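The values are calculated or read from the model by the stated rules, or taken from the named source; none is laboratory data. Because the structure is predicted, anything quoted here is derived from the model rather than measured. Virtual Cβ from ideal backbone geometry, glycine too; neighbours counted across all protein chains shown.
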Amino acid sequence: MALFNSSEFAEAVVSGGLTAASGSGTPAAGSVTSQLGLFKPGVINVSIWGTFTATVVLEKSYDAGATWLPVQTDLAGTALSFAGSGAFNRHIQIEEAETGMMYRFRCTAYTSGTAICRASQG
């Protein structure tokens, strides 16, 4: 289940919380945050925090959300992922070269807790 937030200060924001499905106790692997396009070329701030045991990846879409690909950290194709076990707080910056890209966070493995995710630019 994704919880969505927005920001009046940033031009483009992706944010939300990734938690277990309400009431079922089943893992939320595969749950995603809101997605927003129109990121422009330049620096994107990426933050994940909370207390959780999970792995979260940042994904981007070149085709308005029809296809999602992991953001890569190097030319070898290593996916940008965040693995937390307990209290977690990480902030990085990535560079976007194209206009109109969409971003989202996706939970790929989940045990417990809530990961709060935010990507912004502006």
For segment 27-60, the count of residues that are at pLDDT below 85, β-branched (Val, Ile, Thr) and over 16 Å from residue 71 (Cα atoms) equals 0
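Quick test for you: out of 73, 67, 108, pick the one residue that is over 20 Å from residue 45 (Cβ atoms), surrounded by fewer than 19 Cβ atoms within 10 Å (Cβ to Cβ) and at pLDDT below 85. Quick ask: steps written out before the conclusion?
On the way: 73 fails: over 20 Å from residue 45 (Cβ atoms); 67 fails: at pLDDT below 85.
Of 73, 67, 108, the one residue that is over 20 Å from residue 45 (Cβ atoms), surrounded by fewer than 19 Cβ atoms within 10 Å (Cβ to Cβ) and at pLDDT below 85 is 108.
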Would you check if residue 94 is in a strand (DSSP E or B) and either in contact with a Gly (Cβ under 7 Å, 6 or more places away or on another chain) or basic (Lys, Arg) (or both)?
no
Pairs where the first residue, in segment 108-122, is under 14 Å from residue 87 (Cα atoms) and the second is surrounded by fewer than 19 Cβ atoms within 10 Å (Cβ to Cβ) and among the aromatic types (Phe, Trp, Tyr), C-beta under 8 Å, 6+ apart:
115/49; 116/49
Every residue from segment 63-96 that is of a type in the set (A, V, I, L, M, F, W, C) and either in contact with a Lys or Arg (Cβ under 8 Å, 6 or more places away or on another chain) or over 23 Å from residue 49 (Cα atoms) (or both):
64, 66, 68, 69, 71, 75, 76, 82
